[in-house]
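Structure first, commentary second.
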Amino acid sequence: VVMVTLGTGIGSAVFSDGFLVPNSELGHLPLHHEDAEDWAAESVREHDDLSWKKWAHRLETYLELVQRLLWPDLIVIGGGVSKKADKFLPYIELRTEIVPAQLLNDAGSVGAALFAPAGKAQP
């Protein structure tokens, strides 16, 4: 499972067999000669005044890269923009299922709080 939070940048968490894989900085993957988050974060949509469809194409390009690298069973989208998933998810087509986080903008914070003290990182 890959968790992606979209906002000012792109945050990420990768889970394998129920364990958090440490140091997954997927927002810094190279994409179009820059960090992915400088090309596909939600803040870029706002700054560049991109339509939801155009931004979804950028996000799809980023998620395709993540999919090719990790082949996750599920991609969960969190961050403030997850409240508006109906505006962009219909434009994204991947092999991997994509769903908005149930906790929306709080998903990343709650997930970090749950996994950090338990030491549930991948051995």
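Quick notes on this structure:
- Charge dipole magnitude, Cβ of K and R +1, D and E -1 - region 2-115, Cα centre, debye nearest 20: 280 debye
- When each of the peptides 13-22, 78-87, 57-66 is scored by how many other beta carbons lie within 10 Å of its residues on average, the order from highest to lowest is 57-66, 78-87, 13-22.
Each value in this text was obtained by applying a stated rule to the coordinates, not by laboratory testing. These numbers were taken from a predicted model, which means no experiment stands behind them. Here Cβ is always computed from backbone atoms with ideal geometry, including for glycine, and neighbour counts include all displayed protein chains.
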